[in-house]
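*Asks:* First the structure, then my questions, so here it is.
The values are calculated or read from the model by the stated rules, or taken from the named source; none is laboratory data. No experiment lies behind these values; they were computed from the predicted model shown. Note that each Cβ is placed from the backbone with ideal geometry, even for glycine, and that neighbours are counted across all protein chains shown.
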Amino acid sequence: MDARKKAQVFVQTAVAPLNELDRWVQVGEEEARQVYEMTLKNELSGGTEQVRAFENEFREFTGLKHAISVINGTAAIWSAMYGCYVGPGDEVICPVYTWLCSITPAPMLGAKPVFCDVSPHTLLMDPEDVKKKITSRTRAIVAVHLWGMVCDMQALGAISQESGIPIIEDCSHAHGALFRGRVVGAIGKVGTWSMQGSKAVSAGEGGVLATDDDEVFDRACMIGQVNRAAGLDLVSAKYQKYQPLGLGIKFRAHPLGIGIARVQLRKLGLLNSGRGAYIEAVEKALKEIPGLDPVTLTEGTKRGGYYGFPAIFRAEQVPGVTRDQYVDALRAQGVPASSSPYDLLHRLPYFAEGMDVFGFGRGVMCEDYTGYKEGDFPGAEEMHRNVVFLPVLTDPVEGATEEIIRRIRKGVESLGF
Ligand SMILES: Cc1ncc(COP(=O)(O)O)c(C=O)c1O
């Protein structure tokens, strides 16, 4: 059979999980008009007017000095790591519970991924375990604000200050989340955001990096912005002679995607208030419903982006019922609940066993790489057994939030509680 006939179209954009309950449509007229107008102007490559405008608006959004758009969130992390001098022989610490691209650029730069545990209550990296994982080779720490929740940047900031190790904030799930009133991504050395099609700010495919640090910015331009705009990007004299080619690697974003993201960034406030109000209302109701507890939020933080809505299954509140039975009961009532969409990274063969990435026994993922095994991350493993994801509504129709709560209650009643 022709392999192409079997191939499926793989679309990964965001759709409201319950159309009848949510008015939200991710992209509409405004985004379409933007693309149409940019196309007519042939604004299709390079650091165009819209790309520059987006980056300026992103600088304002973060309050940071520099912002660069890139092809995706992975390239943003790659650029940030290169910006922080991650290279051969280094180690980079990252939570074991995140999307793999929070760490995958490290081995491509020659650095070993080192995982730290996460708290089963916050789902986020445990600063105490970060401390234990630091060695003389640690070059960077990736703090991931997973599912829109904010890491303990106070504790991580103290670790960074004491050790001199920079923090890269991966904000791919948390556009517009706040730590003590400051937007995440603007707290560590450098922030990165995915703007992939299902994110709170979508470019279809895209990413962005922002920093106050000239050196990080210059190096990020060097590694990814070949031939973008000679003399405009780099701020220091150090790399001027390499302009405009840099290292000849191209992570430049497609302007049409960035044009879309520019429209989306303007809508972020509304998206966050809609999702936030819905999630808070459901969490309040969960306090009276046996079996699920809201996650614990880091003090002084406000969620944003809300890429997922996790809650913690409490077996002791519903004796005899497993997490999976609980999830099935909610699904039977029309609540698209699920276990975690991500597995823990130490279970993926790449990280569990390592791999001869470059062939001929080279690279950090083979030879001395010791890998990981079950039991290495008790907090994350406990969390992963118990986490339940509930649907995220962005613009609920009248009564939709109450309807979700009613369905959850009915599902739990069907289990005899
Ligand atoms: C936490 C996190 N980091 C990084 C990325 C990588 O972003 P992209 O898919 O745009 O490369 C993602 C993508 O989903 C993510 O969820």
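*Asks:* List, please: which pairs have Cβ atoms under 6 Å, are six or more places apart or on different chains, and start with a residue in the stretch 377-390 that is under 13 Å from residue 116 (Cβ atoms) and in a helix (DSSP H, G or I) and end with one that is at pLDDT 95 or above and of a type in the set (Ser, Thr, Tyr)?
*Replies:* 379/119; 380/97
*Asks:* Which of the residues that make up the stretch 82-111 are surrounded by 21 or more Cβ atoms within 10 Å (Cβ to Cβ), of a type outside the set (A, V, I, L, M, F, W, C) and farther than 19 Å from residue 160 by Cβ?
*Replies:* Listed by number, the residues that qualify are 97, 105, 107.
*Asks:* Out of curiosity, is residue 353 in the same structural domain as residue 328 (by TED's automatic domain parsing) and at pLDDT 95 or above?
*Replies:* Working: in the same structural domain as residue 328 (by TED's automatic domain parsing): no; at pLDDT 95 or above: yes.
Considered against the rule, which asks whether it is in the same structural domain as residue 328 (by TED's automatic domain parsing) and at pLDDT 95 or above, residue 353 comes out as no.
*Asks:* With the checklist (1) touching a residue at least 40 places away in the same chain (Cβ under 8 Å); (2) surrounded by fewer than 17 Cβ atoms within 10 Å (Cβ to Cβ) in hand, flag the one item residue 155 doesn't pass.
*Replies:* The single condition residue 155 does not satisfy is (1).
*Asks:* Restricting to the stretch 349-371, name every residue that is touching an Asp or Glu at 6+ places or on another chain (Cβ under 9 Å) and either charged (D, E, K, R) or under 21 Å from residue 127 (Cα atoms) (or both).
*Replies:* The answer is 356, 362, 367.
*Asks:* Please go through the stretch 275-298 and pick out each residue that is within 20 Å of the chain's Cα centre (by Cα) and assigned to a loop (DSSP other than H, G, I, E, B).
*Replies:* Hits for the stretch 275-298 are 295, 296, 297, 298.
*Asks:* How many residues does the stretch 81-96 contain that are closer than 20 Å to residue 152 by Cβ and either touching a Ser or Thr at 6+ places or on another chain (Cβ under 7 Å) or near the ligand (Cβ under 10 Å from one of its atoms) (or both)? Steps first, answer last, please.
*Replies:* Filtering the stretch 81-96 down to residues closer than 20 Å to residue 152 by Cβ leaves 92-96.
From the residues that got through so far, the ones that are either touching a Ser or Thr at 6+ places or on another chain (Cβ under 7 Å) or near the ligand (Cβ under 10 Å from one of its atoms) (or both) too are 93-95.
Summing the residues that are closer than 20 Å to residue 152 by Cβ and either touching a Ser or Thr at 6+ places or on another chain (Cβ under 7 Å) or near the ligand (Cβ under 10 Å from one of its atoms) (or both) in the stretch 81-96 gives 3.
*Asks:* Among the residues of the stretch 283-304, what is the count of those that are β-branched (Val, Ile, Thr) and either in contact with a Lys or Arg (Cβ under 6 Å, 6 or more places away or on another chain) or more than 26 Å from residue 153 (Cβ to Cβ) (or both)?
*Replies:* So the count comes out to 1.
*Asks:* Could you list, in sequence order, all residues of the stretch 127-140 that are surrounded by fewer than 24 Cβ atoms within 10 Å (Cβ to Cβ) and under 21 Å from the mean Cα position of the chain (by Cα)? Step through it out loud before you land on a result.
*Replies:* From the stretch 127-140, those surrounded by fewer than 24 Cβ atoms within 10 Å (Cβ to Cβ) are 127-129, 131-139; that's our starting set.
Listed by number, the residues that qualify are 127, 129, 139.
*Asks:* Further, regarding this structure: Looking only at the stretch 22-35, filter to residues that are part of a loop (DSSP other than H, G, I, E, B) and of a type outside the set (A, V, I, L, M, F, W, C); which one of those is surrounded by the most Cβ atoms within 10 Å (Cβ to Cβ)? Full working, then the answer.
*Replies:* Our first condition is that a residue be part of a loop (DSSP other than H, G, I, E, B); within the stretch 22-35, this holds for 23-28.
Applying the additional criterion that residues be of a type outside the set (A, V, I, L, M, F, W, C) yields 23, 26, 28.
Numbers: 23: 13, 26: 19, 28: 10.
The extreme case among them is 26.
*Asks:* Right, another one. State all residues of the stretch 55-71 that are surrounded by fewer than 21 Cβ atoms within 10 Å (Cβ to Cβ) and either within 27 Å of residue 345 (Cβ to Cβ) or within 16 Å of the ligand (Cβ to nearest atom) (or both); if no residue qualifies, say none.
*Replies:* Correct list: 71 only.
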